[in-house]
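The values are calculated or read from the model by the stated rules, or taken from the named source; none is laboratory data. Predicted, not measured: the structure shown is a model, and the values here were computed from it. Glycine also receives a Cβ, built like all others from the backbone with ideal geometry; neighbour counts cover every protein chain displayed.
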Amino acid sequence: MTCYLLNRRCSPSQSGFTLVEMVMVIVITGIIGGMVAMFLKAPIQQYQDISRRAELTDIADTALYRLSSDISTAVPNSVRVLGCGATPCVEFLPTKDGGRYRALADSATGIGDILDFTIADSSFDILGPPITFAASDVIVVGSTQSDGNPPYDTTATSGVLRAVTASSVNSVSFTPTQFPAFAQLASQRFDVVDGTQQAVTYSCEGTLGALDAHGNGQARLVRHWNYGFNPNQIAPAGLGGTSARLADHVSGCVIEYTTANQRLGMLGVRLTLTSGGETVSLYNEIHVSNVP
């Protein structure tokens, strides 16, 4: 038996799929695809959630590591948190170097530029390894008060901060102001604060405790620097200077500072980040040496 199609002969063995067969194949394929998608949805979603949490953890860990590294160089008794207002923050003075000042003249020659605490002295010899100063650097001498304010203050009665006016590798000159009596220490230590950094503040800024429509935290962790020295701490909004954002999607932030004694402080920072409904929370305790 033969058939004709467009004037060509064909045999029954050469006939194609019917429309019903094609529809059945499409329906079966759709059912199988739907079942596969149902089985794959959970693992894919889990992978996305894990990736998001890992990213948030990395961001929070990097930010806390930077904060911890900065705090480790802080001038003794310069960490303060009480003036932050409603914005969780911490302020401190990072050091770039340090040394010992001459307190007594050379016993053999009777010469030497000492730091005299009874007058408005303006220079002293550096004992030990030489120090290289930059034009905008400042020095802190005898920061012993646990209220955190003297290292930011230049006044004679309460401050221990002085601007460097001239220097060599073995001596330094500074604004002539008499240091307070409590700044005179047996250790004869002084610290050098980088004038390009000046005081530094870490703060959690924005709306804490609430998420946006996409399930993201609405605050951020910001580092402020190069805004000068304020004798009394002020809220981050009024600092000015230079700033950089270290972490976004912050939904929770707690910064607490306690001084267990005059020589040791503890800074506790809890940072919570939320993105797409996924939340990670990291807590870090940073030991602060307040030994001048």
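Annotations for the structure displayed:
- Test: residue in the stretch 196-210 that is without any contact (Cβ under 8 Å) to a residue 24 or more places away in the chain, in contact with a helix residue (DSSP H, G or I) (Cβ under 7 Å, 6 or more places away or on another chain) and assigned to a loop (DSSP other than H, G, I, E, B): no
- Taken over the stretch 186-214, the criterion of being in contact with a Ser or Thr (Cβ under 8 Å, 6 or more places away or on another chain), within 30 Å of Ala103 (Cα to Cα) and surrounded by fewer than 17 Cβ atoms within 10 Å (Cβ to Cβ) is satisfied by Gly195, Thr196.
- With respect to the conditions (1) surrounded by 17 or more Cβ atoms within 10 Å (Cβ to Cβ); (2) touching a residue at least 60 places away in the same chain (Cβ under 8 Å); (3) within 22 Å of Pro94 (Cβ to Cβ); (4) not polar (S, T, N, Q), Pro231 falls short on a single one, namely (1).
- Restricting attention to the stretch 126-152 and to residues that are closer than 16 Å to Phe179 by Cα and part of a strand (DSSP E or B), the residue that is farthest from the chain's Cα centre (by Cα) turns out to be Val141.
- Contact annotation: no residue pair with Cβ atoms under 8 Å, 6 or more positions apart or on different chains, pairs a residue in the stretch 124-141 that is within 13 Å of Arg162 (Cα to Cα) and not assigned by TED's automatic domain parsing to the domain that holds Val160 with a partner that is surrounded by fewer than 21 Cβ atoms within 10 Å (Cβ to Cβ) and aliphatic (A, V, I, L, M).
- Some residue of the stretch 228-243 being small (Gly, Ala, Ser) and in a strand (DSSP E or B): yes
- Scan of the stretch 52-84 for residues that are surrounded by fewer than 21 Cβ atoms within 10 Å (Cβ to Cβ), under 17 Å from Asn149 (Cβ atoms) and not hydrophobic (A, V, I, L, M, F, W, C), ordered by number: Gly83
So that you can scan it fast, the table gives a plain yes or no per residue for (1) under 30 Å from Tyr257 (Cβ atoms); (2) surrounded by fewer than 18 Cβ atoms within 10 Å (Cβ to Cβ):
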site: Ala86; (1), (2): yes, yes
site: Phe92; (1), (2): yes, no
site: Thr109; (1), (2): no, yes
site: Phe117; (1), (2): yes, yes
site: Pro129; (1), (2): no, yes
site: Gly142; (1), (2): yes, no
site: Pro150; (1), (2): yes, no
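- Within the stretch 108-123, residues that are assigned by TED's automatic domain parsing to the domain that holds Ser158 and farther than 18 Å from Phe182 by Cα have Cβ atoms under 9 Å from residues that are surrounded by fewer than 10 Cβ atoms within 10 Å (Cβ to Cβ) and of a type outside the set (Ser, Thr, Tyr) in these pairs: Gly112/Leu104, counting only partners at least 6 apart in sequence or on another chain.
- Given (1) free of Cβ contacts under 8 Å to residues at least 60 places away in the same chain; (2) in a loop (DSSP other than H, G, I, E, B); (3) of a type in the set (Gly, Ala, Ser), number of the condition Ala219 does not satisfy: (2)
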